[in-house]
1. What's the number of the only condition in (1) within 14 Å of the chain's Cα centre (by Cα); (2) surrounded by 22 or more Cβ atoms within 10 Å (Cβ to Cβ) that A42 fails to meet?
2. May I ask you to list the residues in region 198-210 that are within 16 Å of T62 (Cα to Cα), in contact with a Leu (Cβ under 9 Å, 6 or more places away or on another chain) and open to solvent by 40 Å² or more (accessible area, probe 1.4 Å)?
3. May I ask you to list the residues in region 43-69 that are in a loop (DSSP other than H, G, I, E, B) and touching a His at 6+ places or on another chain (Cβ under 9 Å)?
4. Does region 137-153 include one or more residues that are touching a residue at least 60 places away in the same chain (Cβ under 8 Å) and closer than 26 Å to V18 by Cα?
5. Being crowded, with 17+ Cβ neighbours inside 10 Å and in contact with a Ser or Thr (Cβ under 9 Å, 6 or more places away or on another chain) is the filter here, so list the residues in region 164-187 that pass it.
6. Which one is nearest to T155 (Cα to Cα) among residues in region 26-38 that are open to solvent by less than 50 Å² (accessible area, probe 1.4 Å) and in contact (Cβ under 8 Å) with a residue 12 or more places away in the chain?
7. I want to confirm something. Restricting to region 114-158 and keeping residues that are assigned to a helix (DSSP H, G or I) and of a type in the set (K, R), which single residue is surrounded by the most Cβ atoms within 10 Å (Cβ to Cβ)?
8. Filter region 5-25 down to the residues that are farther than 19 Å from V160 by Cα and modelled with pLDDT under 95 and list them by number.
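The values are calculated or read from the model by the stated rules, or taken from the named source; none is laboratory data. Given the structure is predicted, the values throughout are model-derived calculations rather than measurements. Neighbour counts are summed over all protein chains in view; Cβ atoms, including those assigned to glycine, are modelled from backbone coordinates with ideal geometry. Keep in mind that these areas ignore ligands, DNA and RNA; they rest on the heavy atoms of the full protein, side chains included. Shrake-Rupley method; radii C 1.70, N 1.55, O 1.52, S 1.80 Å.
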Amino acid sequence: MSTGKEMHVTAAGAYEHVLNELIPVFARESGVSILSIRLTVANAAGVLKRIEAGEVVDVVLTSAAGIDHLIASGLADPASRVEVGRMRLGVAVQPGLPKPDLSTADSLRSVLLAAAHVAYIDPKGGGTSGPFIARLFERIGVAGQMERSGVPSKTGKEVVRAVASGAATCGLTQASELIGAEGVQFAGYIPAELQVISVYAGAVTAQAQAPDLAMGFIRFLTSPASAECFRRLGWDAGGAVA
């Protein structure tokens, strides 16, 4: 698939670590220069704003709801839409600290109440998981505590920085933004009875300058080999392109 064209990928933060691993593999296997593939990462709202503002993008990767919104707005090709994977919420702490007990709702509640500060995705910040986390706090009765001592963060990177710097005792966001992140250790997923599954999808944009390369990239991301990388980095991988 050698081509002189460039490909611009815009993705939500949950994708960042896996794309950093897979883009070089795609470039090598497809015969394109790694320098011809540009990756821009933002939170889910930021991804939509970029596309809606007319930024030239070939591949968009964000929440399934976001992709459906772009398709309904005529900004993404419905024939190219595919579910890429599903993501669960997880917790991170500083390296070397004992991993907290996250096995039950009560144990998670105890962890959050015992923490001096908890970094989490700001429910009003435009991230996919923010509203889910707000409902989680309400459900287990820690919303008031989080309002007083929480560290609302716009992106998963900000959650990681807060934990790594000591500004937060622990961090809560999509697991893929925590697994393998420098300066933190992944403590585990939140308990199954509280878990919220976020569905992520991808599509070729309506204004794609390299639509064939973009579609090839989406096929690559949903291949069995790529699914192994997604799973290793915390995803429940799924979806396929015919």
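1. (2)
2. Residue satisfying the conditions is A206 alone.
3. Kept after step one, since they are in a loop (DSSP other than H, G, I, E, B), are these residues of region 43-69: 43, 53-58.
If the condition is that a residue be in a loop (DSSP other than H, G, I, E, B) and touching a His at 6+ places or on another chain (Cβ under 9 Å), then E55, V56, V57, D58 are the ones that fit.
4. no
5. If the condition is that a residue be crowded, with 17+ Cβ neighbours inside 10 Å and in contact with a Ser or Thr (Cβ under 9 Å, 6 or more places away or on another chain), then A168, G171, L172, T173, Q174, E177 are the ones that fit.
6. I37
7. Selected residue: K157.
8. K5, E6, listed by residue number.
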